[in-house]
Amino acid sequence: MKLKELERPAVQVWSPASQYPVYLATGTSAQQLDASFSTNGTLEIFEVDFRDPSLDLKRKGVLSASSRFHKLIWGSFGNGLLEGSGVIAGGGDNGMLTLYNVTHILSSGKEPVIAQKQKHTGAVRALDFNPFQGNLLASGANDSEIFIWDLNNLSVPMTPGSKSQQPPEDVKALSWNRQVQHILSSAHPSGKAVVWDLRKNEPVIKVSDHSNRMHCSGLAWHPVIATQLVLCSEDDRLPVIQLWDLRFASSPLKLLESHSRGILSVSWSQADAELLLSSAKDNQILCWNLGSTEVVYKLPTQSSWCFDVQWCPRDPPVFSAASFDGWISLYSVMGRSWEVQQMRQADKISSSFSKGQPLPPLQVPEQVAQASLIPPLKKPPKWMRRPAGVSFAFGGKLVTFGLPSTPAHQVPQPCLRLVFISQVTTETEFLLRSAELQEALGSGNLLNYCQNKIQEASLQSEKMLWQFLKVTLEQDSRMKFLKLLGYSKDELQKKVATWLKSDSGLGESPQPKGDDLKCIRQQAFCSQTSKHTVEEASASSTFFDELVPQNMTPWEIPTTEDVDGLLSQALLLGELGPAVELCLKEERFADAIILAQAGGTDLLKQTQERYLAKKKTRITPLLACVIQKNWKDMLCACSMKNWREALALLLTYSGPEKFPELCDILGTRMEQEGSRALTSEARLCYVCSGSVERLVECWAKYHQTSSPMALQDLMEKVMVLNRSLELLQGPDGVTPGPATTYRVTQYANLLAAQGSLVTAMSYLPSDCAQPPIQQLRDRLFHAQGSGVLGQQSPPFPFPRVVVGATPYSQETSHRLGFQPSHQVSTPSPRPRIFTPQSSLVMPSTPSHPSPCPGPRMQNTSDCRPPGFQAVQPSALGPGLRPGPQDSLKNSPVPRGNLQRKKFPETFMPPAPITTPVMCLTPEPRGVLSSQPAVSLVSHAPPGAPGELSLQQFQWPPEKMEKKELPPEHQSLKISFEALLQRCSLSATDLKTKRKLDEAALRLEHLYEKLCEGTLSPHILVGLHEVARCVDTGSFEQGLAVHAQVVGCSSFSEVSSFMPVLKSVLTIAHKLRI
C-alpha cells in the first residue's frame, strides 16, 4: 500500500536506523531534467510521519547545492553527539564529493557544508558508509577509482589497492560487508564484482558471469552470512539477479528471473535476510524470498521505470521507490487495499465539481476493485517474530522462550527452541497463612488456631470476631456468647445479693441479731407488737409456733359503694375480669396482676399488656420484650446503640428454631442503618446464626476483593465457621449460597496461581454444578499431571461437539446427545462446600456417566452415553413438542441445557476441537449448499422462547396449553409482582410507570422459561437470591447478585428478562420502597 508520495525528480536516502523521527533526504537528480530544463541542485530533508493519514511529506530542511547528485548516502557519523543527526554525502558530476551536516540543515543555522572534495574523474555514482566505523566512507567513480575517506581527516583518501582492471571501468556500486568491517566490494558494468580486503590493500576475489552478458547495475551483501552477495543485471537480454557465495565462486548459487527487462536496483532487508527488493525496466517492483526464490510481494505496475528502491532502516515493512517520472513514493509490503486512497482522491475531485450538491456515489467496476487489492507477504517476515516471549500459565507457571544467540546461518535445521517453565510465587505470606489454615483444618485443632488468631489480632473488633468463632466450636455456646457480650449470670446474682443486703440494712427495724424467718412470719400475721419477746419466741417449741395468734384483729370485708366495695363484690362473685379492670383504673397494678394470675393465662396476658401500655418507664420496653417474646418487633424498634443488648436478649430467650433468623435480621439492620464500624460488628450476628453466606456478603462490602491477604482473612473465618456448622448439623447440612461459592472459587484460583494446586483442589465444592467451578476443577486435575494418577477424572466441563462440514439436522442433534424437546427441569440444590483436609479431596463420582468415558481419542460413535440408542426423527406439528425419549432417560444432560439452543440449518459449531475425533466419515461439500427438506429450528431473537417449526409440512396450528409455574418457583413470581405493584404505587412520573408496565410484560418471558425448566441451575439460585433481597428491601445487594448471575451466564439465556429485572431493581432503589 502506498503510504506517502513526493513529486521530486531526485535521488533519495533514508536516515539511519538510530535516527528518530524518521527522515527522507532527496537531492536533485543529475540524470533527470524537469520541464524548465533547470540545472540547479537542491538538497531537502522531509519528516516521515505515518500517523498523518495524508500522502504528503513535511519538509524540515532545504539547502541549495552547487551541483546535482548521482548518489546520496546518510551516515551516522556524529550521531552520538548532542543534537547530532549524522552526515549526508552526495556524489556529483566532475568527481565532486560533498559532505553535509544534517543538524545544521534542519536548524538552518551554521554552515551545513562540511567539506567538498574533487578527487575523482567523472561522476561519483557509488557511495557507502562503513557500518562498523561511521567515519569511513567509500566512493567510486570512473576509471575504476575507489577512495576510502576518513571523515576525521579528509586531506588524503586511501585506496583499497591498485587498479587491477584493464581496461578501467566505471564503478556502478560499492558496498561494505555487513559482518566483516574490512571487506569492501565493487560492481562494474562488465559484469564483474571485485571483493577488496583493506587490511591487505588488494582484491581478495573477483566474481564474474561466464556468459559475458551480465551488465552489473547493483550490488548488496547478505545481512547475516558474510560470504554471500547479490548482483543484478540491467541488460535486457539477461534480466536476472544472481546470488553468489564466495566459498563457491565458480557459478552463482541461485538465479532470480521474474523480471522481463533489465534490473536497475536492488535492496536487501536488514530486518529479514530472506527479503530482497528489486526494480526493473519492466515497471515492476518485486520482493523476493531468497530461501525459496519466489516472488512474495509484487507492487502494481508503475507508469515509469523505478531506478532506485531502498528499505527503511527503522521501519522494516516500509520501502521507498524513486522513478524517472519525477515521483518518490513510500510503500508498505504488509499489503492493504488502495480503496482508502482512491476514495480520498475521489472526494477531492468531487469537492471541485459538486457545486454545493453531493455527487452520486462512484460505482467502481468489480474487476478494478479486485485489481486494487495488494496481497500481503505470503510468509510472515522475521521482524514480526518475537525475539523473546513470556506468558503466565495456569498454576502460577511462567513460560519463557528466546531465540538462540548464535547466528541464523549457524543454527542447524530444524533447530530446537528451548521453552523454560518456572514456578512464580508472589504472595509468600498468603501461602504461609494458607498452609497454617490447611494444617489446622486437617488436624482438627481449630481451637488453638482461633486462640492464636485472638492473640495476633490488633483490632478489638477482629479479636471479638475470632472469640465468637472460637465459641462456635465449644459446648454451651449461647452462655459463652453472653459472657463475651458482657453478661454473666454468676456476676448478676452476686450484684443482686449485694444490693438486697444493702437495701435490707437501711430499712431494718431495731431487732437483735439472730431473728429468723419465723419472726418475719409472725409479724405478717399481727399488726401489733407481740407480748412475747424475741427470746421467748426463739425458745418456744414448734407446737406453739404453729398456733394462730389469739390477739389478731378481725378483718372485715368492705361492702361500701366505693372501689373497695366493688372489688369485694367482684371477688365474692368470682368475676376476676371486672376486678382487674377496677384495679387498673385506680392504678393498683400490683393488685391487678395478682388477681389476673389467679384468673388464668389469657387474663394475665391482657393485664400485662394493659400494664405495659400505661406504665411508661425506661425499663418498660425491655419488660415487654421479655414477657411478650415479640422479638421481631424488638429488633426493628430498638436503637442500634444497644445492638449488644439485643443480641444478648436473643441468646437468652429465643428458641433454637428462630434464633438464626432473628440474628440475621439484627445483622441486616446493622448493615443497612449503621456506620462502617457497626456493619463490621454485624458479622458477630452472622457468626451466632451460622450464616456463612451473609458473613461473606457483609465482608465483601468493605474489603478489597482482589487483595490476597483480605481473601485469606475471609477464608479463615469461613472455614472455621463452616467446620462448627458441620459439627452441629453434619456435613450434609451445610449448603452455601452463590456468594460463598464465588469467594471459595476465587480463593482456589489464587492458590492455583501460586502453585498450590492440591490445596486449591481441596477447597472446591465437589457437588457444585456451576460451570466456572467445573472448569476450574478440570484444569486443576489435569494441571497436577502425575500427581493424580489412579484418581478418577472429573466430568468434562464443556459440551462436546463434532466439528465437520455436516448441516445441523435432527440426526446430528441426536448424534451429539441433544434432544429437540423442552423438558421441565427443577433447580438443583446449592453446592456444598467441603472443608478441606490435610490431603487432596478426591472429586466425587458423578451421578451420571460422562458423555465420553475412557480415552480421549475415540470414534464419534463412542461419544454416546451408555444405553443411548439412535432415535429416528418424527414429523411434528408446529404447535407440538416431543416428550422425553425413554432411551435418553439415563443419559447425562450437557451443561447449559444445550438441547434448547436454536441453530441455523447449516450451522457449523464454532467451539474449538478439544478432543481428537477419529474415523470421521467425510461428507460431500454439496450438502452445505442444499437445503434440507425439514428445518427443525426457526430463527428467534436471543432469549425468546423458541418453538420447533416445519417448512415443508404444514398442519393447522393447535392451541397451546399454558403450563403452570412449578411450586418451587412461585415465590419468584409473587416477589417480583409485589415489587412491581409497590413501585407503581410509589412512582409519580409517567416515564417510570411506562417502564414498569413494560417490565411486567417482559417478565412473562422469565415465567415461561421457569415453566419450561430451561434455565440453568446457577441462574435459578441467583433468581431466588434476588427475590430474597427484594423481600428484605436490600436492593443494592440484589443488584450485586444480579450482576454476578449475568456475568457467569450465557447472554442468549438471560437477555429476555435479566435487563428488565435490573431496571426494576434500580427503580425500587431510587424510590426507596
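The values are calculated or read from the model by the stated rules, or taken from the named source; none is laboratory data. Quantities reported herein were computed from a predicted structural model and do not represent experimental measurements. Ideal geometry is used to build each Cβ from the backbone, glycine not excepted, and the neighbour counts take in all protein chains shown. Accessible surface is based on the protein model in full, side chains and every heavy atom, while ligands, DNA and RNA are left aside. Shrake-Rupley method; radii C 1.70, N 1.55, O 1.52, S 1.80 Å.
Between L55 and A710, take the C-beta separation as r, use R0 = 45 Å, and let me know the FRET efficiency to the nearest 0.05. It comes to 0.20.
Rg/Rh for the stretch 1-60 stands at 1.01; both radii use Cα atoms, and Rh follows the Kirkwood definition. With the whole protein complex present, E427 retains an accessible surface near 60 Å², based on a 1.4 Å probe. The modelled label-to-label distance between C636 and D767, using points 7 Å beyond Cα along the C-beta direction, is 3.7 nm. Here's the picture: a label point sits 7 Å out from the Cα of L459 along the beta-carbon direction, and within the stretch 677-697 the residues with their amide nitrogen under 12 Å of it are 677-683. Annotation for the stretch 161-203: trypsin sites (Lys or Arg not before Pro) lying in DSSP loop with at most 13 further Cβ atoms inside 10 Å of their Cβ are K163, R199, K200. Label sites at D143 and R247, each approximated as a point 7 angstrom past Cα along Cα to Cβ, lie 4.0 nm apart. Only protein heavy atoms count here; on that basis, with a 1.4 Å probe, D562 has an accessible area of about 70 Å².
Remark: C-alpha extents of the stretch 982-1046 on the principal axes read 37, 25, 18 Å, sorted largest to smallest. Taken over the stretch 60-175, the percentage of Cα pairs per 5 Å bin, counting from 0 up to the bin with the maximum distance, is 2, 12, 22, 24, 19, 12, 5, 2, 1, 0. Quotient of the Cα radius of gyration of the stretch 664-779 and 2.2 N^0.38 Å, N being its number of residues: 1.10. Residue by residue, the stretch 259-264 carries 3J(HN,Hα) couplings of 7, 9, 9, x, 8, 9 Hz when phi is fed to the Karplus relation 6.51 cos²θ - 1.76 cosθ + 1.60 (θ = phi - 60°); x denotes Gly or Pro.
With a Förster radius of 30 Å applied to the C-beta separation of D997 and I974, the computed FRET efficiency comes to 0.95. Per the Debye calculation on the stretch 682-732 with a single equal scatterer at every Cα and no solvent contribution, log₁₀ I(q)/I(0) for q = 0.24 Å⁻¹ amounts to -0.89.
Place a label point 7 angstrom from the Cα of T426 along the Cα-to-Cβ direction, then list the residues of the stretch 753-769 whose backbone nitrogen is under 15 Å away. Counting only backbone N, you get 753-756. Applying 0.36 nm per residue to the separation of F324 and M384 and subtracting their alpha-carbon distance, the gain on full extension is 18.3 nm.
Taking label positions 7 Å along the Cα-Cβ direction at both F132 and T553, the computed distance is 13.7 nm, reported to one decimal. Ordered by solvent-accessible area of protein heavy atoms (1.4 Å probe), largest first, the residues V1045, V180 come out as V180, V1045.
The stretch 724-759 and the stretch 576-603 have Cα centres spaced 58 Å apart. Between beta-carbons, use under 11 Å as the cut-off and find the net charge around L403, counting Lys and Arg +1, Asp and Glu -1. Result for the local shell: +4.
Sequentially through the stretch 998-1012, phi angles give Karplus couplings (6.51, -1.76, 1.60; θ = phi - 60°) of 5, 5, 4, 6, 5, 5, 4, 4, 5, 5, 5, 5, 5, 5, 7 Hz, Gly and Pro residues having no value and appearing as x. Distance distribution P(r), the stretch 728-782, all Cα-Cα pairs, bin width 10 angstrom from 0: 24, 53, 20, 2 percent. Remark: for residue pairs K483/K641; K192/K298; K658/K701; K281/K378, the C-alpha separation exceeds 22 Å in K192/K298; K658/K701; K281/K378.
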